[in-house]
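For reference, the structure discussed in these notes is given below.
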2 protein chains.
Amino acid sequence: MNPMTESAGGARDAEAVSKFVESFAAQLVEAGMQRMPARVFAALLSSDEGSMTSAELGEQLRISPAAVSGAVRYLAQTHMVSREREPGSRRERYRVHGNQWYEALTNREAVIKRWEGALREGVTSLGADTPAGRRMAETLAFFEFIETEIVEMMERWRVHREKTFGQE
Amino acid sequence: MNPMTESAGGARDAEAVSKFVESFAAQLVEAGMQRMPARVFAALLSSDEGSMTSAELGEQLRISPAAVSGAVRYLAQTHMVSREREPGSRRERYRVHGNQWYEALTNREAVIKRWEGALREGVTSLGADTPAGRRMAETLAFFEFIETEIVEMMERWRVHREKTFGQE
DNA sequence: CCTTAACTTCACAAAATTCTGAAAGAAGCG
DNA sequence: CGCTTCTTTCAGAATTTTGTGAAGTTAAGG
């Protein structure tokens, strides 16, 4: 009868899950993510299957189908989540791809590329021989440096992960 | 007479500077920074001295003293910019600390720490023996991994920078 | 000390964003 | 093919965020 007692094997404590979802989402929001994507993502991350349907998301988070749709579109674009059709159904499942999402998170390549572009323009338009131009050039070098570093870092992570958690 | 001809040594082409400032600020905004801090920061970055007064910032960006104040407070808190008093004056100068600002940018330690805290709670409240709990644990391991990696990366950058640009 | 220049804080108007309900659009299933 | 179930789009209401003017605070300079 008591929902607290059916922990192992049965339905999870919805209260506790929701509490975690909201607190993790809050952290993501603070780091710059939009509210709905953050909440949807946190919910998916804490689901046992690693995936949920639109209806399940709407129910747990108490948001409209429209909100789910918008959040999922954003998450899919940024490769944090993938969408898959349940065969023989018009229901869609949204899934966090195990270890792929945080790779997406660190994969700021597009952002860095644009910064580099802007900085190159800066060097040109301010003059490579000016103090400001030199500052730009150095900053540009920094970004070029971390760009390759991040790739190597993720390589090392994959090795480390395999050792620690097995391949899967 | 022609402002275009007085490039070397004279006043810089205000038009070109402003254009760069706004376009670089736009990139920062897109990456999640607030508008005013982004614009103020871009302006400082493209000034030859690497520093400007409140009045200069207000004039170039066409914003009120209040806006400058708010933006600078934010930038100082996040260590992107430092404030210094001009001796014997009540004017303050805001300065980008050469190579320190992008270190601040990559120094997301506080953010990562909070994520780690939230994830640890997640492992506990969802159960370390559940699929969701295991996913959390792995994500947690990932953040712990990159935390140390980033420190080492910045070490390497300092060495690389010294070689390329001299100590200063 | 009093004046004045400079920065900060605060309340509010304006602007941008977010979320919803409603309607339209796909796609399985009989 | 039409019915039904699910998803997406869209216009607008509600909330949140942003930037300003004005008043308040601090500190230099007479």
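Only the coordinates and a few stated rules stand behind these numbers; no lab work does. On a predicted model such as this, the values are computed, not experimentally measured, just so you know. Positions of Cβ are backbone-derived with ideal geometry, glycine not excepted, and every protein chain shown enters the neighbour counts.
So here's what we get for this one:
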| quantity | calculated |
| --- | --- |
| Debye, to nearest 20: dipole size of the stretch A:3-97, +1 on Lys, Arg Cβ, -1 on Asp, Glu Cβ | 420 |
| Copy-to-copy label separations for A:Glu15, where each label sits 7 Å from Cα toward Cβ, in nm and ascending | 6.8 |
| Given A:Lys163/B:Lys113; A:Lys163/B:Lys163; B:Lys19/B:Lys163, the pairs whose alpha carbons are separated by over 26 Å | A:Lys163/B:Lys163; B:Lys19/B:Lys163 |
| The stretch A:60-160 - Debye-derived log10 I(q)/I(0), Cα point model, q = 0.24 Å⁻¹ | -1.19 |
| Label geometry 7 Å along the beta-carbon vector: A:Glu103 inter-copy distances in nm | 3.2 |
| Interchain or long-range residues, amide H under 5 Å from B:Met52's placed H | B:Tyr94 |
| Nearest-0.05 FRET efficiency for B:Glu86 and A:Gln77, computed from C-beta distance (R0 56 Å) | 0.75 |
| Among A:Ala76, A:Ala104, A:Ala137: highest mean-square fluctuation, GNM of chain A, C-alpha pairs under 10 Å | A:Ala137 |
| Chain B Cβ-axis minimum, rotational copy A, residue and distance in Å | B:Gly32, 2 |
| Chain A: DSSP helices with Cα axial extent of at least 20 Å and average Kyte-Doolittle hydropathy no lower than -1.0 | A:14-30, A:109-126, A:131-165 |
| Neighbourhood charge, 13 Å Cβ-Cβ cut-off, centred on A:Tyr74 and excluding it, Lys, Arg +1 and Asp, Glu -1 | +4 |
| Rotationally averaged projected area of the stretch A:3-97 (alpha carbon convex hull; nm²) | 6.6 |
| Largest-first ellipsoid semi-axes for the protein assembly as shown, taking √(5λ) over the Cα gyration tensor eigenvalues, angstrom | 45, 22, 19 |
| Taking the stretch B:109-168 and dividing mean pair separation by its residue count, relative contact order in percent (alpha carbons under 8 Å, at least six apart) | 27 |
| Highest-fluctuation residue, A:Ser51, A:Ser64, A:Ser125 considered, GNM on chain A with Cα pairs under 10 Å | A:Ser125 |
